[in-house]
Amino acid sequence: MAEVSTQVLIVGGGTGGIAAALALGARGVRCVVTESHEWIGGQLTSQAVPPDENQWVETFGATRRYQSFRERVRGWYREHRSLTRAARENKALNPGGGWVSHLCASPRVMHEVLLGMLGECKARPGIYNGVEPVSVERDGDRLTAVTFGRVSERGESGLTVRADYILDGTELGDLYELGRVEHAIGAEHRDDFAEMHGRTDKADPMDQQAFSWCFALEHCPGEDNTIEKPREWEFWRHYVPKMDPPWCGPLFSWTVPTHNVEGKRTFPFIPWPDRCPEGMWDMWRYRRIVDASIYEPPAAIADVCLVNWVQMDYWLEPLLGVDAAARRHAMAQAKEQSLNLLYWMQTSAPRVDGGTGFPGLKLAGAELGTRDGFAMAPYIREPRRLKARTIVTEAHIGTDQRRAEGRPNQDVSPLGCAEAFEDSVGIGHYTLDLHPSTSGRNSVYVPAAPFRIPLGALIPVRVRNLIAAGKGIGVTHITNGCYRMHHTEWNIGESAGVLAAFCLGRGVEPAQVHESRQLTEELQRELVADGVRIAWPWEK
């Protein structure tokens, strides 16, 4: 049994948790970060999800520290890889060339860059990998310590960490349940928060977004890398989702539901070394993380495609509101579904030449840090959501709803203008994007205005020393669909770290900061000085 004391404990070393650690470390505040997986970074690394980013991310659409991280990733490639002259000189280098993002890159590289940034901190955070929280000690309305269980060989058995402030950066909002912190799961009724796209029948805690287990592929033409037929192949090969609105055919298909007039779209799949015609969007290059064309010959390198598609979304079982055994079963089934998708691609998927199957496809784990080619962890979109002092709703950010309600300033941008929270501690933007759910609701994909992150959404209604530092802030089932993205989670975590340092330095608590306009403005000045944007340029 080991016991550690620190000023700040960050539970969960994901995108938000590491951003919080960087903010704290830069201020010389001692903190401990715990993470269940070998890599830090969450969505960016262990979950292997190339970042879906807003169109302004290169200029003013993210924090300065997040932009620095992105430039450091580009710099890593220029320093460590034999790039063509054009690639080396490209200021907007996209190492993977994936069309989903301005920066598709290897999760391994992102992990290394994050470690390098942590190593430069004035107070370097202590990181404990291979552990997960199992219990929380409380003293009235304060959380005083968290005890962790070992989940890998690297983990320390029986670790207990005591801290003045505790930040939840876990993927599922673990501390909310363990610490009896008020929270919500699942989907609300439309009337609960007057949301245009809320459920029309009743609230349903078991109505949760799908999650996915990503994997990476290489293509070796002429080889037969076909895996053994998965045990549930007969189910998945014929599976047609029962959804409302209806799905567009079998799940395993290049035709997927979309929100255009036809309600569906067919994407080609043209694996390396064949080249996709200019201007065509194909699935191989959708989230590609290695683009062989940017390397100087005779570099022995091939493209690597990162698979994170709706065909592998797992919605047959929920992750929240169930016991640990049911959660483990759901995660195992999600990985099984991904394996079946691979087998379908190898044996049955239509090719543009009229044939079927790509037996040369091979799982490629080098970029993901795994032997089997699957990400270390599943990509979880929807965690437990904090019942916070502020709950962000669709009425605050939904373009269609705000225009229908006649909210002011909706002509300032094509996407309208979101609620101008006076206690803003950051900004973000992404479409209200909800993947198919466990209740059989098909995806929701509607516009959202560029939004602010209110301070009140990070602070619990009761608990005095807990701060949300990840996706599990005060949002609804609907608004989680855009506050969950990489750049926004980073901003949430970074601002949570600054808030914890601010409270320690002034001897105040987060709720007191939120209740005081003067303290909130002082916090905002520190955030802005540190490169956190708290408003969009057209809002000033």
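The numbers here are math on the coordinates, done by the rules we state, and not lab data. Nothing here was measured: the structure is a model prediction, and the numbers come from that model. Heads up, the Cβs are rebuilt from the backbone with ideal geometry, glycines too, and the neighbour counts pull from every protein chain shown.
Numbers below:
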| item | result |
| --- | --- |
| Per-pair calculated FRET efficiency, R0 = 25 Å: residue 302 and residue 224 via Cβ, rounded to 0.05 | 0.90 |
| Expected-Rg normalisation [2.2 N^0.38 Å, Cα atoms] applied to the chain | 0.94 |
| Unit charges at the beta carbon, dipole of the stretch 215-363: most positive-side option, 280, 339, 357 | 339 |
| Simple spin-label estimate for residue 528 and residue 182 in nanometres, 7 Å along Cα-Cβ | 3.2 |
| Spin-label model distance (nm) - residue 156 vs residue 540, 7 Å beyond Cα toward Cβ | 4.4 |
| Selected from 107, 37, 239, residue furthest toward positive end of dipole (the chain; charges at beta carbon) | 107 |
| Expected 222 nm ellipticity per residue - DSSP helices of 4 or more, -39500 (n - 2.57), all of the chain, to 500 | -7500 deg cm²/dmol |
| Gap separating the Cα centres of the stretch 14-44 and the stretch 353-393, nearest whole Å | 21 |
| Over 32 Å (Cα to Cα) - which of 242/335; 122/540; 229/471; 122/335; 91/264; 264/540 fall in this group | 122/540; 229/471; 122/335; 91/264; 264/540 |
| Computed P(r) (all Cα pairs; the stretch 165-272; 5 Å bins; percent) | 2, 7, 10, 13, 15, 15, 13, 11, 8, 4, 2, 0 |
| Helix axis angle, 64-80 relative to the chain longest principal axis, alpha carbon, degrees | 40 |
| The chain - charge dipole about Cα centre, Lys and Arg +1 at Cβ, Asp and Glu -1, debye rounded to 20 | 680 |
| The stretch 75-202 - charge dipole about Cα centre, Lys and Arg +1 at Cβ, Asp and Glu -1, debye rounded to 20 | 920 |
| Residue order, fewest to most beta carbons within 10 Å, for 236, 56 | 56, 236 |
| Isotropic mean projected area of the C-alpha convex hull, the stretch 227-305 (nm²) | 7.8 |
| Pairwise centroid distance, computed over Cα atoms, of the stretch 232-290 with the stretch 152-179, Å | 38 |
| Estimated distance in nm for a label pair at residue 265 and residue 445, the labels positioned 7 Å out from Cα along Cα-to-Cβ | 0.6 |
| Top positive-direction residue, dipole computed over the stretch 215-363 with Cβ charges, set 322, 310, 290 | 322 |
| Dimensions in Å of the stretch 101-218 - Rg and Dmax from alpha carbons | 19.2, 54 |
